[in-house]
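Okay, structure first, notes after.
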Amino acid sequence: MSDCRTTYRKVKEFVKCLYPGELKGNLHRNMNTLTAMITGIIIGKETQLPQIATNVPEEIKLPSTEKRFKRLIINENVTEQTFFLPFIQRVLINLGLEEMVLAIDGSLVGRGCICLMISLIYKQRALPLVFCVVKGKKGHLPEETHIELVNKLRPLIPESTQQVIFLGDGEFDGTNLQQTLDGFGWKYVSRTSSNITIYADDAPFQIEMLAAMLPKGHCKGLQNCQITHKKYGPVTAVAWWGDDQNEPIFLVTNFLSAPKTCNYYSMRFTIETFFSDQKSRGFNIDKSHLSCPHRLTRLMYASCLAYLWIIFFWYLGIGDRFVQTHTPS
């Protein structure tokens, strides 16, 4: 129990120091509940409310603790603008990265829902930044949803960040998304299908032609081309047959260098560590009985903050220094 209390105390410090405003009234009470949820998730490694409640070191009866959590989950006033994004913005400011590498991906959560997440690739881990939860089985979400998510993230990027690189798999190669990222001044690398049409000097051919005579372990790029019937561009089309790949894969990017494109894209797979830690290897968010996207979203505020706490305090071992050094003004 002493370890539980120590964790609870450190989580409380983490929340208090990272939150940019004063905590009082209902905000203070709800933030205390969120702190208790984060602690219960860290200790119990579960995201079902009864299991979270059993691992909170408070002198409160178990049913009362569970009811507090349920009230927070159903409270429509508990929004990302107040209970999640301020922490993320503070984390990004405190990290002070000149270059940010982002990855986007989706995964099943709860009952019949999909979470689309943009994460920061940092120290071999993927730190959750912004996300949305929608009804549906595993599959592609509309490009408009991808664009809404990057628009949500953009204001959180610190002014000290000089370069942002955005990575996505084959679901995220839409030309409207590419145009949005280009407009932000961000670099991007997205996987695309082997039969996508590219245009070089107005001559169309399929991108898979770039892989003709391509040896394993090599890549080949074509600069200043256009893609799809929209003739979006200029972009660089890349064929890459990595040493650990069974066949070549194909990428579109606004980098000019094919090797640099491949090096960055190889970092995208780090986001899988986040989803596995949230699911089978960690918090079992996919086993949550919640099926309402809004309630799952509020539960994920706690699980994502719990993940950040574990990364900083346990995996990187810089949590105490992080909290003590970077207190809000």
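Points to keep in mind about this one:
- For the range 125-140, filtered to residues that are touching a strand residue (DSSP E or B) at 6+ places or on another chain (Cβ under 6 Å), without any contact (Cβ under 8 Å) to a residue 60 or more places away in the chain and open to solvent by 10 Å² or more (accessible area, probe 1.4 Å), the residue that is nearest to residue 267 (Cα to Cα) is 138.
- Any hit, the range 113-124, residues being in contact (Cβ under 8 Å) with a residue 60 or more places away in the chain, touching a Lys or Arg at 6+ places or on another chain (Cβ under 7 Å) and closer than 25 Å to residue 79 by Cα: yes
- Flag for residue 236 being hydroxyl-bearing (Ser, Thr, Tyr), in contact (Cβ under 8 Å) with a residue 24 or more places away in the chain, open to solvent by less than 60 Å² (accessible area, probe 1.4 Å) and outside any helix (DSSP H, G or I): yes
- Sub-6 Å Cβ pairs linking a first residue in the range 9-34 that is touching a residue at least 60 places away in the same chain (Cβ under 8 Å) and over 16 Å from residue 70 (Cα atoms) to a second residue that is open to solvent by less than 30 Å² (accessible area, probe 1.4 Å) and of a type in the set (Val, Ile, Thr), at least 6 apart or interchain, are 11/35; 11/38; 11/39; 13/323; 14/323; 15/35; 17/323, ordered by first then second residue.
- Whenever a residue of the range 221-232 is part of a loop (DSSP other than H, G, I, E, B), it has no partner that is surrounded by fewer than 17 Cβ atoms within 10 Å (Cβ to Cβ) lying with C-beta atoms less than 6 angstrom away and at least six residues away or across chains.
- Within the range 94-113, none of the residues are at pLDDT 95 or above, among the acidic types (Asp, Glu), over 20 Å from residue 301 (Cβ atoms) and part of a helix (DSSP H, G or I).
- Of the residues 104, 93, 60, 41, the single one that is open to solvent by 60 Å² or more (accessible area, probe 1.4 Å) and in contact (Cβ under 8 Å) with a residue 40 or more places away in the chain is 93.
- Scanning the range 165-191 for residues that are assigned to a strand (DSSP E or B) and open to solvent by less than 10 Å² (accessible area, probe 1.4 Å) gives 165, 166, 167, 168, 188, 189, 190.
- Test: residue in the range 268-276 that is modelled with pLDDT under 75, surrounded by fewer than 20 Cβ atoms within 10 Å (Cβ to Cβ) and either closer than 30 Å to residue 226 by Cβ or of a type in the set (Lys, Arg) (or both): no
- Scanning the range 46-69 for residues being closer than 17 Å to residue 12 by Cβ and charged (D, E, K, R) gives a total of 3.
The values are calculated or read from the model by the stated rules, or taken from the named source; none is laboratory data. The structure displayed is predicted, hence computed values, not measured ones. All Cβ positions, even for glycine, are placed from backbone atoms using ideal geometry, and neighbour counts span all protein chains on display. Quick note on the areas: whole protein, heavy atoms, side chains included, nothing else; ligands and nucleic acids left out. Shrake-Rupley method; radii C 1.70, N 1.55, O 1.52, S 1.80 Å.
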